[in-house]
1. Neighbouring Cβ atoms within 10 Å as the yardstick, rank M95, M79 fewest first.
2. By a straight-distance test (C-alpha under 18 Å), which aspartates and glutamates pair with K29 as possible cross-link partners, with residues fewer than eight away in the same chain excluded?
3. Helix 2-16 versus the longest principal axis of the chain: what angle, 0 to 90°, nearest 10, using Cα atoms?
4. So for the chain, averaging the separation of alpha carbon pairs under 8 Å that are six or more residues apart and normalising by length, what relative contact order in percent results?
5. If I fit a long axis through the Cα atoms of helix 43-58 and take the longest principal axis of the Cα atoms of the chain, what angle between them do I get, 0 to 90°, rounded to 10?
6. Check cross-link reach from K125 to the aspartates and glutamates: straight Cα distance under 16 Å, and skip same-chain residues fewer than eight apart.
7. Suppose the chain between R36 and H2 were pulled fully straight at 0.36 nm per residue; how much longer would it get relative to their current alpha carbon spacing?
8. How large is ³J(HN,Hα) for each residue in the stretch 104-116, as worked out from phi by the Karplus curve 6.51 cos²θ - 1.76 cosθ + 1.60 (θ = phi - 60°), to whole Hz, x for Gly and Pro?
Amino acid sequence: MHSAEHLLNQTMVRLYDCGRCFSAHIERKKSKCDYRFDHELTADEIHRIQSSVNHVIKSDLLVSETFVLKKEAQGVYDMHKLPEDVDGRVRIVHMGNYDACPCIGEHVSSTGEIGAFRITTTSFKGGALRIRFKLS
Ligand SMILES: [Zn+2]
């Protein structure tokens, strides 16, 4: 689920340049991510996002990690989810060449392990888009 969040975030950045989710609630059965956004998604848009994520999953990209100095990572990666007290080196999690993001969490070893990604519902309110999704 958390690895799927990485792919959804990168897909939203690529399609909408909206930044990674500012809030996420990741559970085993269903998860949700919230984005700063300007409209409710149409059915076509939902389909496009879902297809893009599933395409990356099916490509079975290798997940790897590298470490960079925090001062080198700033300005290159989205750092807002890292704890303030992270000092020295920052762990960057790579999903093939598709996504690279500082993260301290646990991930699949390749994207093919994620399974089929499905957006269940979306809602838009007050400049925030919520995407709910499941895996199967
Ligand atoms: Zn992660």
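1. Arranged by neighbour count, lowest to highest, M95, M79 become M79, M95.
2. Once the sequence-local aspartates and glutamates are set aside, what remains near K29 is E5, E106, E113.
3. Once rounded, the angle reads 70 degrees.
4. Relative contact order comes out at 32 percent.
5. Here the helix axis deviates by roughly 40 degrees.
6. Cα-Cα hits under 16 Å: D34, D38, E40.
7. Full-extension gain reported as 10.3 nm.
8. Here the 3J(HN,Hα) series is 9, x, 9, 9, 5, 8, 8, 5, x, 6, 5, x, 6 Hz.
Every number here is computed from the coordinates shown, using simple stated rules; none is lab data. Computed from a predicted structure; not experimentally measured. Positions of Cβ are backbone-derived with ideal geometry, glycine not excepted, and every protein chain shown enters the neighbour counts.
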